[in-house]
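Student: Submitted below is the structure of interest, expressed as structure tokens.
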Amino acid sequence: MKKLSIGTRLTLWYFAIFLLAEFVFGAGMWLILRKNLLDIADEVLEGQAADLQRFLEARKDVLAAQLQAEISEDYKIERSADYLQISDASGDSIYSSRFFEKHPLPQFSPDQLVRPRYENRRMGHEHFRFMSEMMVVSGRAYVVRVGHPIDEEIETLDAFRGYLLWFAPVLLLGASGIGYWLSHKALAPVDALARTARTISGHNLSSRLEPLHTGDELQRLSDTLNEMLGRIEAAFRRITEFTADASHELRTPIALIHTEAELALRRSRDEGQYREALRNILLEAERTAKLLEKLLDLARADSGREALDIHRIDLLVTLRDSASKWRQVASLRDLQFEEHLEVQRLPVMGDENALRRVIDILLDNALKYSASPGKITLSAEEKDGHVTVSVEDTGVGIAPEDQAKIFERFYRVDKARSRELGGAGLGLAIAQWIVQLHHGSIAVLSEIRRGSVFRVEIPAAASPADVHPDPE
């Protein structure tokens with residue numbers, strides 16, 4: 001089932017809320033009007049009751065039989081149209097107007113009239129409001145019922161209800177139409193954004209949604225989507241560049257291997273020439289294998305299938321092993337290699353091979369980008385529960401705008417030189433991934449033409465003396 005659009009749903013919600021508001025308002029106004037009209041009728045009834053009480057008080061010394069005669073004479077002559085009924089406490093009638101003689105009503109006992117009682121009755125085609133009250137005059141108790149026609153009040157209420165039933169739907173439909181128009185006008189920019197977004201694909205990621213200047217949520221949505229498109233474009237561009245670079249890196253050694261093998265097979269050579277050709281083929285094969293290994297490492301990292309062998313190790317041993325290997329490489333490149341490892345041990349919880357790889361990546365980069373005569377320094381220390389390893393070089397340095405990006409995959413500061421030196425922009429990304437798996441961090445401080453310092457910080461392992469066995 002197709003869902004309704006947001007504009008239609010907003011209109012329906014607006015319709016329902018406005019309908020409820022109209023009902024509450026109309027019912028409330030009708031009840032208020034009814035109360036006011038009945039209050040006016042009650043004032044008339046209370047006035048009649050007050051007149052009767054003054055009449056009875058003026059004749060408080062008159063005997064009951066004489067009082068009945070005077071009431072009958074006075075009310076039948078002067079107020080024959082009144083709606084009045086008087087009885088004594090025992091229920092005997094003292095006076096009943098012509099209306100009550102024709103339409104007798106049940107009497108209330110004095111116990112039922114602790115407070116005046118009001119009631120509406122329809123008698124024939126007319127509507128009346130009656131008030132029943134007990135009056136005590138000079139020790140005599142009278143049960144009095146007075147009435148007042150309320151046909152005008154009922155007609156007024158009926159007319160008001162009719163107006164509500166006529167105008168409320170018209171107002172509701174009008175308001176709903178306006179709400180529908182407003183909702184669609186407010187959401188029109190969303191439709192425009194959606195139409196533009198549908199036209200953006202991998203071939204035109206540089207396109208952007210039309211910027212809005214409404215200063216509301218729609219503008220924030222448009223700006224956020226444009227920022228997201230910018231990030232997608234940058235990532236897509238880096239992947240495209242990496243694909244091209246990786247293809248080039250793979251094509252070059254394969255081409256060299258093919259050329260060396262073809263030349264070796266064209267004519268007979270002596271043993272030395274064959275060995276040289278095979279050595280070149282082996283070097284290119286090793287270079288290709290290293291590149292593929294890095295790509296596979298990142299693929300395993302993305303899939304979460306790479307598992308590290310985490311256990312307690314002495315990182316100092318790993319650092320010294322790496323230093324001895326890279327010291328020879330530095331000597332061959334006429335670079336000075338120094339190590340500052342004046343500590344007894346560097347206990348950490350980690351994977352020795354993975355951490356060795358991080359050190360190798362940092363030292364390899366330091367040697368690659370340092371010209372002779374230069375200096376490479378490897379140092380380490382334990383402080384505040386963390387082990388910090390630093391690799392410092394006197395190389396070309398990294399520009400400030402590139403320092404925040406060098407740990408991104410496929411990013412290379414100098415693409416031409418990186419390709420020449422065999423780099424694919426993956427080493428630092430792999431190093432950062434390994435360090436993060438060890439709950440550590442990696443950072444760089446660098447200045448152009450003055451060199452760089454890479455620092456790796458991971459938590460130190462608690463010494464065995466600090467671990468207290470559980471009491472038995």
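The values are calculated or read from the model by the stated rules, or taken from the named source; none is laboratory data. As the structure is a prediction and not an experimental result, all values here were calculated from the model. Because the Cβ atoms are built from the backbone with ideal geometry, glycine has one as well, and the counts that use them run over all protein chains shown. Heavy atoms of the whole protein, side chains included, go into the accessibility calculation; ligands, DNA and RNA do not. Shrake-Rupley method; radii C 1.70, N 1.55, O 1.52, S 1.80 Å.
Student: Show me the strands (runs of 3 or more DSSP E) entirely contained within region 306-358 in which 3 or more residues are over 49 Å from the mean Cα position of the chain (by Cα).
Tutor: Numbers: elements: 311-314, 335-340, 347-350.
Here the list reads 335-340.
Student: What pairs come out if I take residues in region 269-286 that are within 17 Å of His258 (Cβ to Cβ) and pair them with residues that are in a helix (DSSP H, G or I) and at pLDDT 80 or above whose C-beta lies under 7 Å away, six or more apart or interchain?
Tutor: Ile281/Ile257; Ile281/Ala261; Glu284/Ile257; Ala285/Ile257
Student: If you take the residues of region 45-99 that are hydrophobic (A, V, I, L, M, F, W, C) and in a loop (DSSP other than H, G, I, E, B), which of them is modelled with the lowest pLDDT? Even if it seems obvious, please write down each step before you answer.
Tutor: Keep residues of region 45-99 that are hydrophobic (A, V, I, L, M, F, W, C), which gives 45, 49-50, 52, 55-56, 58, 62-65, 67, 69, 71, 77, 81, 84, 86, 89, 94, 99.
Cutting the leftovers down to in a loop (DSSP other than H, G, I, E, B) gives us 62-63, 81, 89.
Details: Val62: 71, Leu63: 69, Ala81: 50, Ala89: 81.
The qualifying residue modelled with the lowest pLDDT is Ala81.
Student: Here's another thing I want to ask about it. Which one of Ile40, Ile32, Ile17 is open to solvent by 50 Å² or more (accessible area, probe 1.4 Å) and closer than 20 Å to Ser176 by Cα? Give the steps one after another, and end with the answer.
Tutor: Details: Ile40 fails: closer than 20 Å to Ser176 by Cα; Ile32 fails: closer than 20 Å to Ser176 by Cα.
Checking each option against the conditions leaves just Ile17.
Student: Sticking with this structure for a sec: Answer yes if at least one residue in region 369-391 is touching a helix residue (DSSP H, G or I) at 6+ places or on another chain (Cβ under 9 Å), within 26 Å of Leu295 (Cα to Cα), part of a loop (DSSP other than H, G, I, E, B) and open to solvent by 20 Å² or more (accessible area, probe 1.4 Å), and no otherwise.
Tutor: Yes.
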